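Novice: Take this structure first; my questions come after.
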Amino acid sequence: MKASKICTRRIHDSPNVQEGQANGPDNGPDSVLHEGTGALSPIPKLQEYLEPGPVRWSSCSGWIIFYLFCLEGLSGILLLLYYRPTVSEAYESVQQITNILHYGWLVRGVHIWGIHLLVIFLMLHLAQKIITQSYGAALKLTWVLGILLMVLVGIIGATGHLLPWTQGSYWATTFLTQLSTAIPVIGESVKILIRGGSEVSQMTLSRFFALHILIAPFLFTLLAGLHIFSARRSLIPKDLLLQVLMLLVLTAMVFSLSTFSPPRISTKADPLNSILNIKPEWYFMASYETFQLLRIMHPEKQAVSVILGIVLHLGVLLLLLLFPWFAPSQDKAPWLKSLACALTTFGLLIFLTLTLLGACS
């Protein structure tokens, strides 16, 4: 009681704090009174992140993405107990996990289907943010962090694709890393930096292994924490039971897919026996088909086609990163929500069309 009276007296007696200020916006529950000066300063409390927030699809999809990433980490740790990251033993260790170890096929299936679902929900999350225009001035940092998280998921998927050391993964990695040689002046150096040499070899496998299990997941965890903090999202859902039920359904979906469509393993990589029908993962199929179409359009200028493809992909990435800075708000342009919805649908249709073309070619 004494402390309360002293604080009240200081607020009303201080010449720098007016009576109307005591009930102003800066005098909320997050404001702290400094005893020496009698001034008020807003200090955000951890409590606002722990208070239950409203149930929205954006928060639901965020929880799903976080849960799938944790599932990927757990299944990856179990696989890491038996996987051997060497050219001579990588394929045999994956064979052992898939065909010999009890429920090894299930753990590997959860790991593979988990990354597929993670990409799908990231794309849905991005589409929802564009349609609802959740990229205001206060959320620009959140938006940029979200796009960088999608890039990291792509890196995790690309590096993990090589680890089984199969024919498909070897030649897909060879094709992907060879694209960098079309970059003027620094192209060859970039390829050697990625591969660790002139060819896809043990050094490439070691670098991709380190990126897949350590560097990319660490950066994803760091950026995901900053993403949640910058968005000022509640860490506890308003309807926790509904969220838990949703995650249980998702778990059942992942295990069902892993059981009824278990992962298979093709032939071991053979650097001396190249294959023409390279098929990357489905989430890279649209990019792969884009490069193929450009090469067909300019068959006599293959290097120019590759450069155009790289510029196109970098342009799309830059467009997504800078989208909040040039997109008008819905208050200034009410018709923008309909336009954003139409453009998002058009972009998804292009992505699906190129993916289907790549899968059927």
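The values are calculated or read from the model by the stated rules, or taken from the named source; none is laboratory data. Because the structure is a prediction, the values reported are computed rather than measured. In this analysis, Cβ positions are derived from the backbone assuming ideal geometry, glycine residues included, and neighbour counts consider all displayed protein chains. Ligands, DNA and RNA are stripped out before the accessible areas are found, and what is left, the full protein with its side chains, is counted by its heavy atoms. Shrake-Rupley method; radii C 1.70, N 1.55, O 1.52, S 1.80 Å.
Novice: What distance in nm separates the simple spin-label points at Leu352 and Glu188, each placed 7 Å from Cα in the Cβ direction?
Specialist: Once both label points are built, they end up 4.5 nm from each other.
Novice: Turning to a different aspect of this structure: Given a 1.4 Å probe and the protein chains all in place, what does the accessible area of Met203 round to, in Å² to the nearest 10?
Specialist: 90 Å²
Novice: Please give me, ordered by residue number, the GluC sites (Glu not before Pro) of the range 64-152 that lie in loop per DSSP and have at most 13 other Cβ atoms within 10 Å.
Specialist: Those satisfying the criteria are Glu89.
Novice: Pairs Lys140/Lys279; Lys191/Lys301; Lys268/Lys301; Lys191/Lys268: which are spaced more than 26 Å apart, C-alpha to C-alpha?
Specialist: Lys140/Lys279; Lys268/Lys301
Novice: Mind running the shape call on the range 114-209? Use the C-alpha gyration tensor, a ≥ b ≥ c as the square roots of the eigenvalues: rounded below 1.5 for a/c, prolate if a/b tops b/c, oblate otherwise.
Specialist: prolate
Novice: Cα gyration tensor of the range 153-311, axes a ≥ b ≥ c as square roots of the eigenvalues: rounded (a/c below 1.5), prolate (a/b > b/c) or oblate?
Specialist: Since a/c reaches 1.5 and a/b is larger than b/c, the shape of the range 153-311 is classed as prolate.
Novice: Between Trp325 and Ser361, what is 0.36 nm times their sequence separation minus the Cα-Cα distance? Round to one decimal in nm.
Specialist: On the way: separation 36, 0.36 × 36 = 12.96 nm, distance 3.85 nm.
Answer, rounded to one decimal: 9.1 nm.
Novice: OK, next. Probe radius 1.4 Å, ligands and nucleic acids left out: which of Leu317, Leu250 has the largest accessible area, and how do the rest follow?
Specialist: Leu317, Leu250
Novice: Could you work out how far apart the two model spin labels at Met123 and Leu81 are, taking each label as a point 7 Å from the Cα in the direction of the beta carbon, and quote it in nm?
Specialist: 3.4 nm
Novice: Any idea of the accessible area per residue across the range 70-209, 1.4 Å probe, to the nearest Å²?
Specialist: Each residue of the range 70-209 exposes 43 Å² on average to a 1.4 Å probe.
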